[in-house]
Each structure stands twice: as structure tokens, then as C-alpha cells.
1. Only loop residues by DSSP count here, and only those with at most 13 other Cβ atoms within 10 Å; note down the trypsin sites (Lys or Arg not before Pro) in the stretch 1-87 that meet that.
2. Taking the Cβ of residue 80 as the centre, find all other residues whose Cβ is under 12 Å away and add up their charges (Lys, Arg: +1; Asp, Glu: -1).
3. Considering only Cα-Cα distances, which of the following residue pairs are longer than 23 Å: 34/98; 11/109; 63/98; 34/61?
4. Which loop-located chymotrypsin sites (Phe, Trp or Tyr not before Pro) does the stretch 14-92 contain, where loop means any DSSP state but H, G, I, E or B and the Cβ has at most 13 other Cβ atoms within 10 Å?
5. For the pair residue 108 and residue 68, how long in nm is the line joining their label points, each one 7 Å along Cα→Cβ?
6. Provide, for q = 0.13, 0.19, 0.22 Å⁻¹, the log10 of I(q)/I(0) from a solvent-free Debye sum over equal Cα point scatterers in the stretch 26-85.
7. For residue 14, what is the net charge nearby, where nearby means another residue's Cβ is under 15 Å from its Cβ and Lys, Arg count +1, Asp, Glu -1?
8. Tell me, in nm to one decimal, what length is gained between residue 5 and residue 99 on full extension, where the rule is 0.36 nm per residue of separation less the Cα-Cα distance?
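Since every read-out is calculated from the coordinates, none of them should be taken as a lab result. Note that the structure is predicted; figures quoted are calculated from it, not measured. Don't worry about glycine lacking a Cβ; one is built from the backbone with ideal geometry, like all the others, and counts go over all protein chains shown.
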Amino acid sequence: MDEVNILAQNKLWNTAINRIYYACYYAVNALFVKHGLSPHTHSGVRQMFGLHFIKTGLIDKEKGRFFSDIYDKRQTGDYDDFISYTEEDILSLIPIAKTFIAKIEELLKTDDI
């Protein structure tokens, strides 16, 4: 997330959404490693995250929607030539991403799951 702040300061909004997504993506992958799960694609990560952590109630649905939303935004920002995210788009996502990652870090520290 440190990179996101630097990108935001430099108004590189599309790249910032990419880094927000990947910060969350790697956090989710850490959960998968802990549980012996190994999806092979980004869409597989999104699906398995929903199946193993959202549907089971370990992570609330709002965070699941957030992860799906930033997945879509990252795809659009990286591959659509006619999209330009704005400061408002990105700055509203930063605190949500930090909360998302903090929740996953909390789960990684527990032995219950």
C-alpha cells in the first residue's frame, strides 16, 4: 500500500488501482497458502475467496464485494484504453483496502481457521 500513496501523490490513478488490487490479492493469497489452496488464475482467486472465506462467514460480504469490485476496476484500468480513474475514485478505495488487508492479517494470526 505504500506504493499506492506514492502513485496517488503523482496522480497516477490507473496504476494506483492496480497496486490496490495487488496488495489485496497478495493478502488473499497468503490466506490460501495457510489453507493449502492454490488457485491458478485471478478469477480463480476471486471465486475461491468467495467460496472459502465469504460464504463461510470468516470475512463479511462487504469485503467480498470490495475484492470483486477492485478486481473489475484493475481489469478495466489495465486493459481498457478509454478509462481514466480519478482522484476521487482512488482516494475512496485506500482506507477500504487497508481495512480489508488488516482483516486478512488478523485471520492469518489465528490458528482457528
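1. In loop regions of the stretch 1-87 (DSSP not H, G, I, E or B), the sparsely surrounded trypsin sites (Lys or Arg not before Pro) are 11, 55.
2. My count for the surroundings of residue 80 gives -1.
3. 11/109
4. Those that pass, being in a loop and sparsely packed, are 82.
5. 2.5 nm
6. -0.37, -0.71, -0.88
7. Combined, the nearby Lys, Arg, Asp and Glu give -4.
8. Once the chain is fully extended between residue 5 and residue 99, it gains 32.3 nm.
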